[in-house]
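The values are calculated or read from the model by the stated rules, or taken from the named source; none is laboratory data. Everything numeric in this text was worked out from a predicted model, so none of it was measured. Note that we place each Cβ from the backbone using ideal geometry, even for glycine, and neighbour counts take in every protein chain shown.
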Amino acid sequence: MNKIAVTSEGPSLDDQVDPRFGRAAGFVVVDLETMDTQYIDNGQSQVMAQGAGIQAAELIARAGVNFLLTGYVGPKAFKALSAAGIKVGQNLEGLTVRDAVARFKSGRVEIAQAANRAGR
Amino acid sequence: MIVSVASGKGGTGKTTVAASLATVWERPVWGVDLDVEEPNLHLFLRPAIAGSETAWMTVPAVEEAKCTYCGACSELCQFKAISVFNQVILTFPEMCHSCGGCLAVCPEKAISPGRRELGEITWGVAGRVEFLAGRLRIGEAMSPPLMRQVKARLEQMLAKGGDAVIDAPPGVSCPAVNAVLDSDVILLVTEPTPFGVYDFKLAWEAFAPLGKPMGAVINRAGLGNDAIYRFCQEKGLPILAEIPYDRSVAEAYARGRIIADLSPGFKETFVALRDKIRALAQPSPSREAAHA
């Protein structure tokens, strides 16, 4: 089973990739075999004073995701995602969710080795 | 008694006033720097440091061999300082607020008290003033836990008698409220500029609900306009002292000198301030009581 989560400003494949991970509006989860999508709202992480990235990592880990596509990930979120065994593709802001997924499928998304944003 | 010297706006003269006030106060008196994020009272009091200790707070330490990854701690923690992912448990000590909830809720007793360094507490003597200060560790985000430890040490010392003048942090958020919370009188230092007035109002709104006697010190008097005077009158807030907008004060401050030592006139200003603070701390006898 291969499931990827894409940080998204809305619930569909045609919404824009949300550049933020922890405080993303939500996650479009795509099953790469069937291309079925599921939307996970991230409102509960957005309103947190701290720890949004950690909670967002918990949310997508629970959904059985093994790859994340997003814009930026901070150090604590990155540590949490690594612990959950979720690989990360970064710097995908400015694309639609559909385009980000297409880029991933064509093998043009690099697996990040570290966070690309300073911690807060 | 404890007097805290606070302000809304930074740079209005809290430390200037606190240092001078401590200097003219009757002994024994403690000059306490609770502006732990940027302590500077020592620059004026110039204490001989007698001792210091590192301050710590409790954070979870997990013995992973005992952990069953049930997630009870993770679910409880509102600050995401401890988190369980499948077969991995992570702690983020810098996020922890030290509530102790995870230690209490763990069914396997896999979590024990670890510690995170908060900063340093130092003490010493500055002439006739006893000195006490906290200094937050660089990178530490929370100052109230360290401030509470400084205040606990102060309380121990005050148990033997004496008073304290607290140099509080600026602003009106948790650290500022924490600094004034245990004082008997709150002194608000401001300046008659639009920024000074604006932040003074915020400070008044934040501290008035504490129901403690409050008074204002107008620093740089002669600058700006009369809005601050009108506000104080409207709220019944006594103006206990005015420090003139004067080049000699700025020069003395820049040299780390104590304003009360500048001239007999300045000394008199702070002695009068001290006496007015003492009077404020006394509950004034009501008229009815006088008639009875």
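Among the candidates B:Phe85, B:Phe79, which residue alone is under 15 Å from A:Ala83 (Cβ atoms) and modelled with pLDDT under 95?
Values: B:Phe79 fails: under 15 Å from A:Ala83 (Cβ atoms).
Result: B:Phe85 is the single residue among B:Phe85, B:Phe79 that is under 15 Å from A:Ala83 (Cβ atoms) and modelled with pLDDT under 95.
To keep it simple, each residue is scored yes or no on (1) in contact with a Phe, Trp or Tyr (Cβ under 9 Å, 6 or more places away or on another chain); (2) crowded, with 16+ Cβ neighbours inside 10 Å; (3) at pLDDT below 95; (4) farther than 19 Å from A:Phe104 by Cβ.
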position	(1), (2), (3), (4)
A:Pro19	yes, yes, no, no
A:Ala25	no, yes, no, yes
A:Asn42	yes, yes, no, yes
A:Gln46	no, yes, yes, yes
If I ask for residues that are among the polar types (S, T, N, Q), within 8 Å of chain A (Cβ to nearest Cβ) and outside any loop (DSSP other than H, G, I, E, B), which ones from the range B:73-110 would you list?
B:Ser74, B:Ser83
Answer yes or no: is there a residue in the range A:12-32 that is of a type in the set (Gly, Ala, Ser), within 27 Å of B:Gln87 (Cα to Cα), assigned to a helix (DSSP H, G or I) and out of contact with any Asp or Glu (no Cβ under 6 Å at 6 or more places or on another chain).
no
Here is a list of conditions, (1) in a strand (DSSP E or B); (2) away from chain B (no Cβ under 14 Å), and A:Arg103 meets all of them except one; can you say which number that is?
(1)
Selected residue [over 28 Å from the mean Cα position of the chain (by Cα) and in contact (Cβ under 8 Å) with a residue 24 or more places away in the chain] from B:Leu76, B:Leu118, B:Leu90, B:Leu146
B:Leu76
Would you pick out the residues in the range B:85-119 that are on the phi > 0 side of the Ramachandran plot and basic (Lys, Arg)?
B:Lys109
The one condition in (1) in a helix (DSSP H, G or I); (2) loosely packed, with under 15 Cβ neighbours inside 10 Å; (3) of a type in the set (A, V, I, L, M) that B:Ala141 fails to fulfil
(1)
Consider A:Arg98 against the criteria (1) over 30 Å from B:Gly139 (Cβ atoms); (2) among the basic types (Lys, Arg); (3) touching a Phe, Trp or Tyr at 6+ places or on another chain (Cβ under 9 Å): it satisfies all of them except one. Which criterion is unmet?
(3)
Restricting attention to the range A:48-89, which residues are more than 12 Å from chain B (Cβ to nearest Cβ), in a loop (DSSP other than H, G, I, E, B) and crowded, with 23+ Cβ neighbours inside 10 Å?
A:Thr70, A:Val73
For the range B:175-209, how many residues are β-branched (Val, Ile, Thr), surrounded by fewer than 21 Cβ atoms within 10 Å (Cβ to Cβ) and under 18 Å from B:Leu34 (Cα atoms)?
1
Filter the range B:232-265 for residues that are exposed (fewer than 12 other Cβ atoms within 10 Å of the Cβ) and among the acidic types (Asp, Glu); the one that is nearest to B:Ala208 (Cα to Cα) is B:Glu234
